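Q: Pasting a structure below so you can have a look.
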Amino acid sequence: MASLNKVFLMGNLTRDPELRYTPNGSAVASFGLAVNRKYKQGDAVKDETCFVDITVWGKQAENCAEYLSKGRGVLIEGRLSYRSWETDEGQKRSKLDVVANNVQFLQRAGEKAAAQSSGGEAVIPEKESVEDDVPF
């Protein structure tokens with residue numbers, strides 16, 4: 001049977017990205033993401049927040065560390081990653097987090113600059129052409 005492991009998340013950073021390098025020189029950044037959900041329960045509107053740890057590798061990690069900060073909105077495309085380990089005291093621990101393949105920096109409220117992707121290229125929306133003379 002085929003498998004699929006794909007995640008899309010949009011939310012705000014809960015902390016500044018932490019950049020480090022592996023012994024072989026690969027950049028890796030990690031940060032927390034808060035994803036909010038509103039739903040109705042009876043007559044009341046409820047808020048629910050899901051906190052997710054994000055890991056980013058390579059040039060994207062360096063761009064995230066340089067340009068992102070706590071509170072900034074991002075769109076994450078990635079995969080789930082499961083880790084398990086045993087503490088020094090013999091307790092079994094496990095963690096589910098997201099390894100990002102693509103991090104899209106979202107525009108801040110009131111910001112008019114072009115949106116940036118973590119790949120470094122600017123994503124500039126095309127202007128719609130406005131016709132002065134409508135043929136009908």
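The values are calculated or read from the model by the stated rules, or taken from the named source; none is laboratory data. These numbers were taken from a predicted model, which means no experiment stands behind them. Ideal geometry is used to build each Cβ from the backbone, glycine not excepted, and the neighbour counts take in all protein chains shown.
Q: Out of the residues in segment 5-37 meeting the condition of being under 19 Å from the mean Cα position of the chain (by Cα) and farther than 21 Å from Lys70 by Cα, tell me which one is surrounded by the most Cβ atoms within 10 Å (Cβ to Cβ). Reasoning before the result, please.
A: First, pick out the residues of segment 5-37 that are under 19 Å from the mean Cα position of the chain (by Cα): 5-20, 27-37.
Those left that are additionally farther than 21 Å from Lys70 by Cα: 5-7.
Numbers: Asn5: 9, Lys6: 9, Val7: 16.
Top of the filtered list is Val7.
Q: For segment 57-92, which residues satisfy the criterion of being of a type in the set (S, T, N, Q) and in contact with a Gly (Cβ under 8 Å, 6 or more places away or on another chain)?
A: Applying the first criterion (of a type in the set (S, T, N, Q)) to segment 57-92 yields 60, 63, 69, 81, 84, 87, 91.
Gln60, Asn63, listed by residue number.
Q: Out of Val35, Val45, report the one residue that is within 26 Å of Leu4 (Cβ to Cβ) and either at pLDDT 95 or above or not in a helix (DSSP H, G or I) (or both). I'd like the intermediate steps shown before the answer.
A: Details: Val45 fails: within 26 Å of Leu4 (Cβ to Cβ).
Only one candidate qualifies: Val35.
Q: Condition first: of a type outside the set (Phe, Trp, Tyr), at positive phi and outside any strand (DSSP E or B). Can you find one or more residues in segment 72-84 that meet it?
A: no
Q: Can you pull out the residues in segment 49-102 that are of a type in the set (Lys, Arg) and surrounded by 15 or more Cβ atoms within 10 Å (Cβ to Cβ)? Steps first, please.
A: In the first step, residues of segment 49-102 are kept if they are of a type in the set (Lys, Arg); the result is 59, 70, 72, 79, 83, 92-93, 95.
Within segment 49-102, Arg72 is the sole residue that qualifies.
Q: Evaluate segment 34-45: report whether one residue or more is charged (D, E, K, R) and closer than 13 Å to Ala100 by Cβ. Before you say what the answer is, go through the steps one by one.
A: So the first thing to find is which residues in segment 34-45 are charged (D, E, K, R), and the list is 37-38, 40, 43.
Going one step further and asking which of them are closer than 13 Å to Ala100 by Cβ, we end up with none.
Among the residues of segment 34-45, not one is charged (D, E, K, R) and closer than 13 Å to Ala100 by Cβ, which makes the answer no.
Q: Name the residue that is farthest from Thr49 (Cα to Cα), counting only residues in segment 4-32 that are part of a loop (DSSP other than H, G, I, E, B) and in contact with a helix residue (DSSP H, G or I) (Cβ under 9 Å, 6 or more places away or on another chain).
A: First, pick out the residues of segment 4-32 that are part of a loop (DSSP other than H, G, I, E, B): 4-6, 14-17, 22-26.
Those still in the list that are in contact with a helix residue (DSSP H, G or I) (Cβ under 9 Å, 6 or more places away or on another chain) too: 16-17, 26.
Details: Asp16: 18, Pro17: 20, Ser26: 32 Å.
Filtering first and then ranking leaves Ser26.
Q: Taking Val56 and the conditions (1) touching a residue at least 60 places away in the same chain (Cβ under 8 Å); (2) out of contact with any helix residue (DSSP H, G or I) (no Cβ under 7 Å at 6 or more places or on another chain), which numbered condition does it fall short on, given that it satisfies the others?
A: The single condition Val56 does not satisfy is (2).
Q: Here is a follow-up. Name, by its number, the condition in (1) surrounded by fewer than 13 Cβ atoms within 10 Å (Cβ to Cβ); (2) of a type in the set (A, V, I, L, M); (3) in a helix (DSSP H, G or I) that does not hold for Met1.
A: With respect to (1) surrounded by fewer than 13 Cβ atoms within 10 Å (Cβ to Cβ); (2) of a type in the set (A, V, I, L, M); (3) in a helix (DSSP H, G or I), Met1 is out only on (3).
Q: Pull up segment 95-118, narrow it to residues that are part of a loop (DSSP other than H, G, I, E, B) and over 14 Å from the mean Cα position of the chain (by Cα), then point me to the one that is modelled with the lowest pLDDT.
A: Here is the first cut: in segment 95-118, the residues part of a loop (DSSP other than H, G, I, E, B) are 106-114, 118.
Then keep just the ones that are over 14 Å from the mean Cα position of the chain (by Cα); that gives 108-114.
Details: Arg108: 72, Ala109: 66, Gly110: 65, Glu111: 67, Lys112: 62, Ala113: 53, Ala114: 48.
Within segment 95-118, the match that is modelled with the lowest pLDDT is Ala114.
Q: Okay, moving on. List pairs: first residue in segment 75-94 and modelled with pLDDT under 95, second residue surrounded by 10 or more Cβ atoms within 10 Å (Cβ to Cβ) and assigned to a strand (DSSP E or B) anywhere in the structure, Cβ distance under 6 angstrom, at least six positions apart or on different chains.
A: These pairs meet every condition: Arg83/Lys95.
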